[in-house]
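> Please find one structure pasted underneath; my questions will follow.
Read the figures in this text as sums done on the coordinates, not as results from a lab. These figures come from a predicted structure and were not determined experimentally. Please note: Cβ atoms are built from the backbone with ideal geometry, for glycine as well, and neighbour counts cover all protein chains shown.
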Amino acid sequence: MALTVVLLGAESTGKTTLANELGSVLSAEGRKVAVVHEYLREFCEGAGRTPRPDEQAAIAAEQTRRITAAAPGRDVVVADTAALMVAVYSELLFADTSLYPDALDALRGQLVLVTAVDLPWVFDGLFRDGPHVQEPVNRLVRQALVRGGVDHAIVSGQGPQRLASALVAVRHALAEPDAERERRVNPRWQWSCERCSDGECERHIRLPR
């Protein structure tokens, strides 16, 4: 079975860069890898606007569908975000929490990595809300994962350090037997603080060896 690595986090925390880097490194190691990019970005670029409230559920479902569809024949699927981020923005922007149950269910059995808010803000020309939204989004992501009982690890650091942090988690998961990967019950992986976003603090979180 394929290992699905899901990257979650606020805007401008390096998810896309990290997804591409992970894909390149793992492919160079001889693994069959698929990188699934963010459907929301594709939607916004195509429509020339951000989604309406009534479009959020379909966007979340399509992101999940693409991740699932990429798995057959692959060793690793790296997902640059997941439906949970759509659910978070639905709550933040539209006070709609209805997307959380399906979004959290979609993460079961996957390796969930949360990118720390410790990188400089970069405007990429998309429909971003600005650096002031990073902390509220980060908090909602953490709260949702803890509330849903979804194990996850924090990825932090600049450049090569950030990639190395993610690779530790990925390689540990790849070394697990399939049954263990399916259950993924390992309390050392879970980050239970819902409020702390101190990048210096997050750099000291210990991932499994």
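> Which listed residue (Ala103, Leu145, Val33) has the Cα farthest towards the positive end of the charge dipole for region 3-202, taking +1 on Lys and Arg C-beta and -1 on Asp and Glu C-beta about the Cα centre?
Working it through, the farthest residue towards the positive pole turns out to be Val33.
> Please list 140-148, 23-31, 53-61 highest first by mean number of surrounding beta-carbon atoms within 10 Å per residue.
Working: 140-148: 18.2, 23-31: 14.6, 53-61: 16.7.
Packing order, densest peptide first, comes out as 140-148, 53-61, 23-31.
> What shape does region 33-127 take by its C-alpha gyration tensor, where a ≥ b ≥ c are the square roots of the eigenvalues and a/c under 1.5 counts as rounded, a/b above b/c as prolate, and the rest as oblate?
It comes out rounded by the Cα gyration axes.
> Convert 37 °C to kelvin, take the viscosity as 0.692 mPa s, use the Kirkwood radius over C-alpha pairs of region 3-202 as Rh, and evaluate the Stokes-Einstein diffusion coefficient in µm²/s, rounded to a whole number.
194
> List the relative contact order of region 3-202 as a percent without decimals, with contacts defined as Cα pairs under 8 Å and 6+ residues apart. Spell out each step's value before the answer.
Working: 314 pairs, mean separation 56.8, N = 200.
Contact order relative to length: 28 percent.
> Something else now. Rounded to the nearest 20 debye, what is the charge dipole size of region 3-202 about its Cα centre when +1 sits on each Lys and Arg Cβ and -1 on each Asp and Glu Cβ? Please list the in-between numbers first.
On the way: 21 positive and 28 negative charges, 75 e Å.
That gives region 3-202 a dipole magnitude of about 360 debye.
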